Amino acid sequence: MAAIKTLLIANRGEIAVRIIRAARELGIRTVQAYSAADANSLAVKLADVAVNIGPPQASKSYLAIDAILAAATAVRCAQAGYRTVVMSTDPAHSLGDSFDVELGTSMTPISENLWAHEISALHEMQRHWARLHEYAVEVFATQGLDEVIAEEVANPPGMDEIASLMWIKH
């Protein structure tokens, strides 16, 4: 059986501290998963790596197995030397909260071999719309539509409204 090299701790308080101390004595690295309520806890300070897994409510952090596994997997891959990018399309910015950093429209370094990126649909649409629109016009034109009609049809329903809302936002 392979030796344990890194241990994920998804517990809190004194139990987490005891696990971290025992792991340290055995030469095992520790990754402490913590909620916003435990950000300043002793376990977070003692762990080799600490990863924020969500808000104070246990149902949205310690009991959210997907968040714990995603954070642990990303950290482990990066530690193993794999260049790892974690991406999210969550507009609530939970990925940034998990790593306790503010993420923008490009990759943000988190640690060695680990980057995070929150995909913004609004930003990507602004960035790529001209190319997508041009492609749609070409597709419609190849189907025999008049160029002017193809230009009009290439705008999905609601795009004018979305563009107006984007102007209001800025």
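The fewest-to-most ranking of Asp66, Asp146 by surrounding Cβ atoms within 10 Å reads Asp66, Asp146. Here the gap between Ala130 and Ala80, fully extended at 0.36 nm per residue and compared with their Cα-Cα distance, gives a gain of 14.0 nm.
Helix-only mean residue ellipticity at 222 nm, the chain, DSSP H runs n ≥ 4 weighted -39,500 (n - 2.57), per residue, nearest 500. What is it?
Rounded to the nearest 500, the figure is -14000 deg cm²/dmol.
Here the contact order of the range 64-149, divided by its residue count and restricted to Cα pairs under 8 Å and six or more residues apart, works out to 24 percent.
Taking every C-alpha pair closer than 8 Å and separated by at least 6 residues, the mean separation divided by the residue count of the chain gives a relative contact order of 13 percent.
What is the angle, in °, between the Cα long axis of helix 65-79 and the longest principal axis of the Cα atoms in the chain? Nearest 10 is fine, range 0 to 90. For helix 65-79, the angle is close to 80 degrees.
Our summary gives the range 9-76 a relative contact order of 28 percent, counting only alpha carbon pairs under 8 angstrom and 6 or more residues apart. From least to most packed, judged by other beta carbons within 10 angstrom and beginning with the fewest, Phe99, Phe140 follow the order Phe140, Phe99.
Legend: ranking of residues Tyr34, Tyr62, Tyr82 from fewest to most surrounding C-beta atoms inside 10 Å; resulting order Tyr82, Tyr62, Tyr34. Distance between the modelled labels on Val153 and Asp100, one decimal in nanometres: 5.5 nm (7 Å Cα→Cβ projection).
A short reminder: the numbers here are calculations on the coordinates, not readings from a lab. These numbers come from a predicted model, not from an experiment. As a convention, Cβ positions derive from the backbone with ideal geometry for all residues, glycine included, and neighbour counts pool all protein chains shown.
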